[in-house]
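Working notes, structure below.
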Amino acid sequence: MGKAYIEGTAAALDGALSLAASMLSQARQPLLLLGAVDVPACRAAIALAGRCGGVVDHANSAQLFPFLSALRECGMISGVPAEVRRRAGRLLLIGADALTHWQELPAFLANGLPQRTAFWIGPPNMLPDFGSGVDVHCIACPQDRLTEALGILRAALSGRPHGVGPFAQGEVERLKTFLETGDFGAAIWSVPETDAIGHEMAMGLVMDLNKVARFTAMPVFQADQAYSSALVATYATGFPLRVGFASGDARHDPWAFAGDRLAATGECDLIVSIAAGMLPRRADILLAAAPQANAATVVLHCQDLQPGSVQYRRELASFAAGPREPASLPELNSLLHEIANLLPARQMEAV
């Protein structure tokens with residue numbers, strides 16, 4: 001039996017679910033904000049938004065959308081990290097934060113080839129330790145000039161005139177030689193810390209390299225399942241996140257349906273936090289594993305992201321599930337479906 005609270009007081013789960021459904025049905029524009037949730041919970045949240053005419057977004061989508069924008073504009077040649085571990089003898093690490101959100105990556109790659117060569121474009125004092133199996137060379141570049149550096153490198157690879165930019169004399173040719181010769185390679189950079197133009201440059205660099213060599217892009221995402229939620233939303237509605245259902249059909253607008261903006265400006269009159277963590281303002285309905293009883297008007301305790309659940313796994317660049325353990329709390333997707341079933345039907349079902 002799950003725990004539930006109404007205005008900080010313990011309540012029956014059925015009563016809390018009914019109140020949550022009533023609040024959603026009366027809301028003018030409810031906002032459903034996702035955190036690190038698995039695939040079934042994401043699908044259930046999209047279905048609930050479709051039933052109540054709400055907006056669904058991920059709490060950290062602002063850090064993801066520059067990447068999505070670049071991906072839609074220019075495309076990307078990407079590979080599976082597990083395959084990079086097995087075959088990539090050359091690594092290009094872009095920026096001081098390339099490994100910030102996957103600090104276990106050096107250990108992950110260490111289980112592959114016995115020897116690799118890596119070139120690090122970034123501040124020399126932040127050079128990562130890859131261990132004895134990776135020969136790391138540093139190409140000094142200020143963090144705020146990485147996009148310029150990638151543009152110069154692309155010009156060099158295509159034979160166009162270029163300056164040295166942030167590079168020391170001779171470093172552009174050194175990088176060019178490294179990238180054009182040798183076996184399979186991978187370019188690694190951080191998604192949250194890179195702007196849209198930086199993503200376009202990195203993606204374009206990999207495409208340029210594939211005219212003369214074999215290279216793949218390996219952008220590093222946060223472990224918050226934001227990219228997973230965008231993929232699931234695209235499958236379920238035809239659009240990535242920031243989807244609204246006020247008209248009955250799914251509509252995508254990166255500005256109008258930005259969850260952080262809606263919450264901060266008060267354009268949404270009800271917030272449903274689905275394991276979303278800290279928000280610009282207090283949630284009205286909160287579903288999480290261990291929330292405070294008075295954290296929202298309706299608080300529902302549920303099972304959060306589990307190792308065995310179906311989720312996006314960075315090492316596979318795809319979805320997978322592991323061994324599941326018995327749950328002591330109701331599953332998140334089950335509670336969302338129960339709330340949706342208590343709502344009146346609308347014209348369109350999202351999932």
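Only one entry in Val272, Val243, Val232 is among the aliphatic types (A, V, I, L, M), in the same structural domain as Gln26 (by TED's automatic domain parsing) and touching a Cys at 6+ places or on another chain (Cβ under 6 Å), namely Val232.
Only one entry of Phe178, Phe130, Phe167 meets the criterion of being touching a Cys at 6+ places or on another chain (Cβ under 8 Å) and farther than 26 Å from Gln63 by Cα, and that entry is Phe167.
When Gly277, Gly308 are checked against the criterion of being in contact with an Asp or Glu (Cβ under 7 Å, 6 or more places away or on another chain), touching a residue at least 12 places away in the same chain (Cβ under 8 Å) and surrounded by fewer than 20 Cβ atoms within 10 Å (Cβ to Cβ), a single residue qualifies: Gly308. Only a single item in (1) among the polar types (S, T, N, Q); (2) in a helix (DSSP H, G or I); (3) crowded, with 16+ Cβ neighbours inside 10 Å; (4) assigned by TED's automatic domain parsing to the domain that holds Gly89 is not met by Thr216, and it is number (2). Residues of region 248-274 that are out of contact with any Gly (no Cβ under 9 Å at 6 or more places or on another chain), surrounded by fewer than 24 Cβ atoms within 10 Å (Cβ to Cβ) and not in a loop (DSSP other than H, G, I, E, B): Asp260, Arg261, Leu262, Ala263, Ala264, Thr265. Filtering region 222-247 to residues that are part of a loop (DSSP other than H, G, I, E, B) and closer than 30 Å to Asp97 by Cα leaves Gln222, Ala223, Asp224, Gln225, Phe239, Pro240, Leu241, Arg242.
Under the condition of being touching a helix residue (DSSP H, G or I) at 6+ places or on another chain (Cβ under 8 Å), in a loop (DSSP other than H, G, I, E, B) and not aliphatic (A, V, I, L, M), the residues counted in region 39-86 number 3.
Yes/no matrix, rows are residues, columns are (1) under 30 Å from the mean Cα position of the chain (by Cα); (2) outside any strand (DSSP E or B); (3) surrounded by fewer than 18 Cβ atoms within 10 Å (Cβ to Cβ):
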residue: Ile121; (1), (2), (3): yes, no, no
residue: Asn125; (1), (2), (3): yes, yes, yes
residue: Val136; (1), (2), (3): yes, no, yes
residue: Ile139; (1), (2), (3): yes, no, no
residue: Leu146; (1), (2), (3): yes, yes, no
residue: Ala149; (1), (2), (3): yes, yes, no
residue: Pro161; (1), (2), (3): no, yes, yes
residue: Gly165; (1), (2), (3): no, yes, yes
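Considering only residues in region 322-333 that are in contact (Cβ under 8 Å) with a residue 12 or more places away in the chain and more than 14 Å from Cys42 (Cβ to Cβ), the one that is surrounded by the fewest Cβ atoms within 10 Å (Cβ to Cβ) turns out to be Pro323. Within region 249-266, is even one residue of a type in the set (D, E, K, R), touching a residue at least 24 places away in the same chain (Cβ under 8 Å) and either in contact with a His (Cβ under 8 Å, 6 or more places away or on another chain) or farther than 15 Å from Val56 by Cα (or both)? Looking for residues that are of a type in the set (D, E, K, R), touching a residue at least 24 places away in the same chain (Cβ under 8 Å) and either in contact with a His (Cβ under 8 Å, 6 or more places away or on another chain) or farther than 15 Å from Val56 by Cα (or both), one finds none in region 249-266, hence no.
The values are calculated or read from the model by the stated rules, or taken from the named source; none is laboratory data. These numbers were taken from a predicted model, which means no experiment stands behind them. Methodologically, a virtual Cβ is constructed for each residue, glycine included, from the backbone with ideal geometry; neighbour enumeration extends over all protein chains shown.
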